[in-house]
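Here's the structure, in structure tokens; my notes come after.
Read-outs: derived from the displayed coordinates by stated rules, not from any lab. For clarity, every value in this text was computed on a predicted model and none was experimentally measured. Virtual Cβ from ideal backbone geometry, glycine too; neighbours counted across all protein chains shown.
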Amino acid sequence: MSTAETPITVISGPLGAGKTTLVNRLLNDPGGREIAVVVNDMGELNVDAELVASEADDGLVDLSNGCICCRLQDDLVTEVTRLAEKRSFDYLLIEASGISEPLPIARVLTRESEEGGLPEQFRLDTAVSVIDAYGFWKAFDPAESLPDAAPDPERPLTEVLVEQVEFCDVLLLNKCDMVPDDALDAVEAEIRELQPRASLHRTTHSEVESGRVLDTGRFDFDAAKHHQGWKRALTGDDGEVNDNHGHGRDSGHAHDEDVSAATAHGVESFVYRRDRPFHPHRLDDWLDDWQGNVVRAKGFAWVASRPETVLGVSQAGPSVQAGPIGQWGDDDPETRLVFIGRDLDEAALSGELDECLATTDERAASYPDDPFPRESA
């Protein structure tokens, strides 16, 4: 193929959201483009690749039995480079597996990874997330149980789902015909709190104009990484947050032009800040009793059992993780946790967390049975 710059669109999203349907639509109506496709699937048999193959002719790379966000990163680079050498195309589509995290994939495609990246003729143009509106609605409904959707996922499914929402340039809220209008409005408002930056389109059967997801020129690694809803909440504006432990400007509520929609559906966020450490066991017990209407919580905690250590806390629906991510160093230790959800009782949540704070005597105690790090799903 020529050495002209070849744009890439990466399509992420949970299993069954409609990614393969979107790929087939784009192959059927490419807008004059010659498209090649990489399809990644977790299983030994890549069913998605079989579904795409009839539309892609010989411009298809099948990456199976692993995720391109981790184990198959090298394979992704190798196979795309090989495809570019043997076939002419002017656009590359990459469909990630349903449990792939989009940020590590973007690192590889933008040569941010230490492992090396694609040849310079490629350019990551757009990161698309296809989100199943019905699945999102049920995943964060405390009255519903989340079905198994992947074999032996390495990370809790809801955590990956939220990260697919948070890291993208274009978000397709798909299967909208399966959700009542009022619930759909609430789902969109919640997604806007998580992802204030992306272009959002409501779709059915992944039906969208190709120009919405191809050649958009929207990808910006720093913006995608730093303008997630929880980071905006911690800074109180569009400023960046330190990657190690989030110290930045004063926190506040982070809302954008969709604030009226969010308010109408009771979707909100707030930041819990305290300059006293948590008692590790009381905090651990509290994390086991998560409120169902909290869609996302994330931030940085100070615990008495690890006074010099920044404890990262990440929650998405029923999935909770907490573990060390760095040292406070010269910064003053301070807990800062962002909560995003529907009809949140800020006073009650703050009161519960205050009960988990360590007393003066507890701060001086030793904790040989420190419960962190912890993961639950």
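Numerical summary
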{"item": "Length gained when the stretch Phe221-Asp182 is fully extended (0.36 nm per residue, less Cα-Cα span)", "result": "10.7 nm"}
{"item": "Which listed pairs, of Lys138/Lys175; Lys231/Lys298; Lys225/Lys298; Lys19/Lys86, have C-alpha distances above 20 Å, in listed order", "result": "Lys19/Lys86"}
{"item": "Computed label-point distance, nm, for sites Glu207 and Asp275 using a 7 Å Cα→Cβ extension", "result": "5.8"}
{"item": "Per-peptide average of other Cβ atoms within 10 Å, ordering 193-199, 280-286, 12-18 highest first", "result": "12-18, 193-199, 280-286"}
{"item": "Additional length obtainable on full extension of the chain from Asp289 to Ser350, 0.36 nm per residue less Cα span", "result": "20.5 nm"}
{"item": "By average C-beta atoms within 10 angstrom, highest first, the peptides 162-171, 334-343", "result": "162-171, 334-343"}
{"item": "Ordering of 227-235, 271-279 by packing [mean C-beta count within 10 Å, highest first]", "result": "227-235, 271-279"}
